[in-house]
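Below you'll find the structure, written out as structure tokens, and then a few comments.
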């Protein structure tokens with residue numbers, strides 16, 4: 001199992017290398033000159049050129065790409081922001097807690113609201129509860145996050161005055177952003193849980209369990225749910241990626257100084273090091289989450305664990321002869 | 001049982017709504033976001049609060065609360081701040097005397113060597129094009145500095161150079177671990193208590209401002225507030241929510257569509273006031289005058305376009321009539337603007353005349369590309385222009401760019417036919433013109449003026465306006481008339497800056513860029 005984890009971690013290197021090359025190339029060919037942005041409209045061409053040389057923007061594509069990869073992968077340095085006089089890594093580390101708090105809280109909402117909704121819908125298939133849950137789920141996948149965010153602000157902040165409309169501070173500042181960001185995830189989770197549970201509930205061993213006289217609760221939570229978990233976990237993993245991506249919009253709406261807002265501002269300013277560093281960081285986090293999901297698969301489903309271990313045993317056997 | 005549960009839940013929700021409503025009513029009675037501080041909503045994070053990190057939307061909002069400059073400017077007039085007085089030795093040399101009792105917020109005394117340090121460091125960053133004429137800055141003694149320039153300075157140029165470089169003491173700068181990026185120390189009455197990047201900056205009044213003679217303290221150095229909190233709110237609609245929930249006291253970021261909600265009879269009028277002033281930048285149209293352009297040798301087409309656009313209609317449609325249809329590239333706020341221009345005919349809206357000019361032009365019915373940097377006002381103006389030109393049979397394709405692309409694409413002669421842009425100067429109308437029509441600034445990029453005009457007479461007239469010896473009503477009038485005659489471009493409209501604020505702010509102070517000066521505002525007791 002550990003070998004599998006190490007192998008997956010090593011696989012992250014080419015993944016991150018690929019992300020770096022792609023994002024660097026996109027930013028390289030993206031129109032807009034950071035030197036001109038720093039100097040403003042009245043700058044002379046000579047001043048702009050001098051600034052470009054100072055920033056290394058006059059170098060050809062390959063030179064800049066190799067220099068960037070060398071800096072990131074051999075020196076673990078994401079570079080310095082063009083505008084902030086600060087290293088990108090420290091900027092990311094400063095903002096990371098805000099983004100991770102939002103993503104983690106959204107994840108919890110997704111799991112603890114979406115899963116029970118899906119189970120309720122499955123166990124009451126075609127009934128009132130099923131329809132109610134699925135209407136909520138349909139609304140969740142249909143409503144754009146930024147619109148929901150503004151509606152929540154208008155109702156809970158402007159109309160009721162219960163929660164702050166924006167900013168950071170205590171936990172109350174995270175309630176509206178998390179609801180807005182998690183709603184789509186809750187909906188996906190509920191829909192996936194419902195369909196997985198329906199499939200499992202119809203299985204022979206569930207009929208057998210009922211015939212043996214087990215309580216419905218035991219049947220659901222001890223026999224059906226564990227067997228329906230694999231697709232649910234997949235949705236959770238993908239959801240985490242969506243949550244991280246979604247924070248870009250939510251952080252802008254709620255003025256939360258997380259990595260999303262950091263990266264968005266950098267895109268507008270053509271602050272290439274921040275954009276590349278931000279995307280690389282989110283890529284690394286997402287890769288780690290997907291690894292975590294794969295590991296959880298193994299613990300949830302002994303067949304998958306056996307498969308991981310089986311591969312290693314097979315290799316050992318073929319080595320021994 | 002289920003019915004009872006549903007009924008209870010419904011009752012709970014109703015009770016919650018009623019209680020919530022009552023909270024909002026009582027909240028409306030409050031007029032201050034924070035009883036100990038004035039809370040200002042700003043649109044962007046300064047990102048780097050260091051003294052010489054270039055210019056950005058976030059930085060200009062907090063700059064004068066953080067730093068002082070050699071001089072300041074109010075209503076076009078320059079006043080000394082750190083500079084006690086200054087004299088022109090010759091066209092390329094200026095002597096500046098400093099007050100001899102200046103100290104920064106950390107208590108470090110500021111002398112001539114700090115001025116030298118500030119200018120030399122700022123120039124070395126290469127972030128300030130306006131400082132390029134500075135050849136040397138020398139400390140004559142502790143309180144006298146001599147500036148030498150590599151060219152003869154033009155109208156307002158010395159003042160603009162003095163206003164370009166924030167001044168700090170070398171001691172404070174070198175004591176800062178991050179070159180003052182998060183812990184700036186200027187000579188204002190305020191020091192930064194805390195800075196949460198992307199969220200808020202808290203300033204407190206040190207109570208130890210160096211300038212004790214109140215008659216010498218000008219708007220940018222006033223310090224009427226004990227504590228100032230700048231809250232960074234990037235989403236414009238959240239500025240509306242912030243003011244309406246009394247989370248901030250003052251903001252210039254409320255979208256134009258929400259302004260009426262804060263005016264008398266509006267949803268959030270209670271306890272709030274809207275103060276409006278004309279903004280500095282002028283929205284103007286410039287024709288692409290490069291070789292291959294349809295406009296280059298076609299004055300009739302240029303005039304047809306100009307007469308087809310109803311500038312007053314744009315003012316009404318985009319700014320609810322609170323802006324101004326301009327008669328040049330600015331208005332009478334500039335001291336050298338001739339008020340008589342307001343009464344003259346300036347490409348007045350006349351569809352028939354426009355059609356006549358169009359008929360006499362070489363226009364072949366091709367689609368013209370209107371390029372602009374996108375924002376809500378620009379989008380609306382561009383759409384209105386498209387509609388107005390459609391009335392005379394000219395098809396217009398809109399080419400919007402974001403700020404960064406637009407900055408670059410405006411010098412691409414193949415990228416557009418008409419350019420809609422904003423230009424703004426804080427001192428004289430001649431410097432407003434300079435931003436478009438001084439070919440010396442653009443020749444390397446465009447071969448002529450900003451919009452590719454190659455016209456020796458225009459260049460001569462422009463330089464006559466900028467030269468301190470020939471500057472005057474005659475040269476200004478000549479340039480204004482020639483520009484109207486040639487119609488290489490013209491001013492369209494100026495928009496308003498709407499400052500929405502709590503009623504406890506009785507008078508709003510703005511700097512020369514129309515940014516809020518919380519230290520200069522007047523507050524009710």
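Before moving on, here are some points about what is shown:
- Condition check for residue A:268: within 14 Å of chain B (Cβ to nearest Cβ) and surrounded by fewer than 20 Cβ atoms within 10 Å (Cβ to Cβ): yes
- Considering residues of region A:26-35 that are modelled with pLDDT of 80 or more and surrounded by 18 or more Cβ atoms within 10 Å (Cβ to Cβ) only, the residue nearest to the other protein chains (Cβ to nearest Cβ): A:33
- Matching entry among B:427, B:441, B:402 (being touching a residue at least 60 places away in the same chain (Cβ under 8 Å), in contact with a helix residue (DSSP H, G or I) (Cβ under 8 Å, 6 or more places away or on another chain) and within 14 Å of chain A (Cβ to nearest Cβ)): B:427
Conditions (1) within 30 Å of residue B:375 (Cβ to Cβ); (2) surrounded by fewer than 20 Cβ atoms within 10 Å (Cβ to Cβ); (3) under 27 Å from the mean Cα position of the chain (by Cα), marked per residue:
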site	(1), (2), (3)
B:459	no, yes, yes
B:462	yes, no, yes
B:471	no, yes, yes
B:474	no, yes, no
B:479	yes, no, yes
B:482	no, yes, no
B:486	yes, yes, no
B:493	yes, no, yes
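- Among the residues making up region A:151-167, those that are in contact (Cβ under 8 Å) with a residue 12 or more places away in the chain and surrounded by fewer than 19 Cβ atoms within 10 Å (Cβ to Cβ) are A:156, A:163.
- Residue count, region B:169-209 (criterion: away from every other protein chain (no Cβ under 14 Å) and within 20 Å of residue B:517 (Cα to Cα)): 16
- Yes/no for residue B:172 being at pLDDT 95 or above, out of contact with any strand residue (DSSP E or B) (no Cβ under 7 Å at 6 or more places or on another chain) and farther than 30 Å from residue B:90 by Cβ: yes
- Some residue of region A:36-53 being within 11 Å of chain B (Cβ to nearest Cβ) and touching a residue at least 60 places away in the same chain (Cβ under 8 Å): yes
- Condition met for residue B:171 (touching a residue at least 24 places away in the same chain (Cβ under 8 Å) and either surrounded by 19 or more Cβ atoms within 10 Å (Cβ to Cβ) or part of a loop (DSSP other than H, G, I, E, B) (or both)): no
- Test: residue in region B:219-229 that is within 11 Å of chain A (Cβ to nearest Cβ) and surrounded by 21 or more Cβ atoms within 10 Å (Cβ to Cβ): yes
- In region B:347-376, the residues that are within 35 Å of the chain's Cα centre (by Cα) and either outside the structural domain of residue B:413 (by TED's automatic domain parsing) or crowded, with 19+ Cβ neighbours inside 10 Å (or both): B:347, B:354, B:368, B:370, B:371, B:372, B:373
- Residue A:140 being in contact with a helix residue (DSSP H, G or I) (Cβ under 8 Å, 6 or more places away or on another chain), in a helix (DSSP H, G or I) and closer than 25 Å to residue B:45 by Cα: no
- When each of B:12, B:20 is tested for being farther than 30 Å from residue A:36 by Cβ, surrounded by fewer than 19 Cβ atoms within 10 Å (Cβ to Cβ), at pLDDT below 90 and more than 9 Å from chain A (Cβ to nearest Cβ), the lone residue that passes is B:12.
- Some residue of region A:146-167 being touching a strand residue (DSSP E or B) at 6+ places or on another chain (Cβ under 7 Å) and either at the interface with another protein chain (Cβ under 9 Å from one of its Cβ atoms) or assigned to a helix (DSSP H, G or I) (or both): yes
- Any hit, region A:175-187, residues being in contact (Cβ under 8 Å) with a residue 60 or more places away in the chain and over 22 Å from the mean Cα position of the chain (by Cα): no
- Residue under evaluation residue B:154, criteria (1) over 26 Å from residue B:46 (Cα atoms); (2) touching a strand residue (DSSP E or B) at 6+ places or on another chain (Cβ under 9 Å), criterion not met: (2)
- Only one of the listed residues (A:98, A:82) is closer than 30 Å to residue B:423 by Cβ, within 14 Å of chain B (Cβ to nearest Cβ) and buried (at least 18 other Cβ atoms within 10 Å of the Cβ). That residue is A:82.
- Across region A:168-200, the number of residues qualifying as within 14 Å of chain B (Cβ to nearest Cβ) and either surrounded by fewer than 18 Cβ atoms within 10 Å (Cβ to Cβ) or modelled with pLDDT under 90 (or both) comes to 4.
- Residue in region B:249-263 that is closer than 24 Å to residue B:425 by Cβ, in contact with a helix residue (DSSP H, G or I) (Cβ under 8 Å, 6 or more places away or on another chain) and either at pLDDT 95 or above or surrounded by fewer than 21 Cβ atoms within 10 Å (Cβ to Cβ) (or both) present: yes
- The residue that is surrounded by the most Cβ atoms within 10 Å (Cβ to Cβ), among those in region A:271-289 that are part of a helix (DSSP H, G or I) and within 14 Å of another protein chain (Cβ to nearest Cβ), is A:274.
- Within region B:288-302, the set of residues being crowded, with 23+ Cβ neighbours inside 10 Å and not in a loop (DSSP other than H, G, I, E, B) comprises B:301, B:302.
- Among the residues of region B:413-433, the ones that are in a loop (DSSP other than H, G, I, E, B) and either under 16 Å from the mean Cα position of the chain (by Cα) or modelled with pLDDT under 90 (or both) come to 5 in all.
- Taking region B:82-124 as the range and being within 14 Å of chain A (Cβ to nearest Cβ) and either touching a helix residue (DSSP H, G or I) at 6+ places or on another chain (Cβ under 9 Å) or outside any helix (DSSP H, G or I) (or both) as the test, the residues that pass are B:121, B:122, B:123.
- Taking residues in region B:125-139 that are without any contact (Cβ under 8 Å) to a residue 60 or more places away in the chain and more than 13 Å from every other protein chain (Cβ to nearest Cβ), and partners anywhere that are surrounded by fewer than 17 Cβ atoms within 10 Å (Cβ to Cβ) and in a strand (DSSP E or B), the pairs with Cβ atoms closer than 6 Å and at least 6 places apart or on different chains are B:135/B:148; B:136/B:148; B:138/B:146.
- Residue check, residue A:69 modelled with pLDDT of 90 or more, more than 27 Å from residue B:46 (Cα to Cα) and surrounded by 14 or more Cβ atoms within 10 Å (Cβ to Cβ): yes
- Yes/no for residue A:135 being away from chain B (no Cβ under 11 Å) and either touching a helix residue (DSSP H, G or I) at 6+ places or on another chain (Cβ under 7 Å) or within 29 Å of residue B:44 (Cβ to Cβ) (or both): no
The values are calculated or read from the model by the stated rules, or taken from the named source; none is laboratory data. All values reported here derive from a predicted model rather than from experimental measurement. Neighbour counts run over all protein chains shown; Cβ positions are idealised from the backbone, glycine included.
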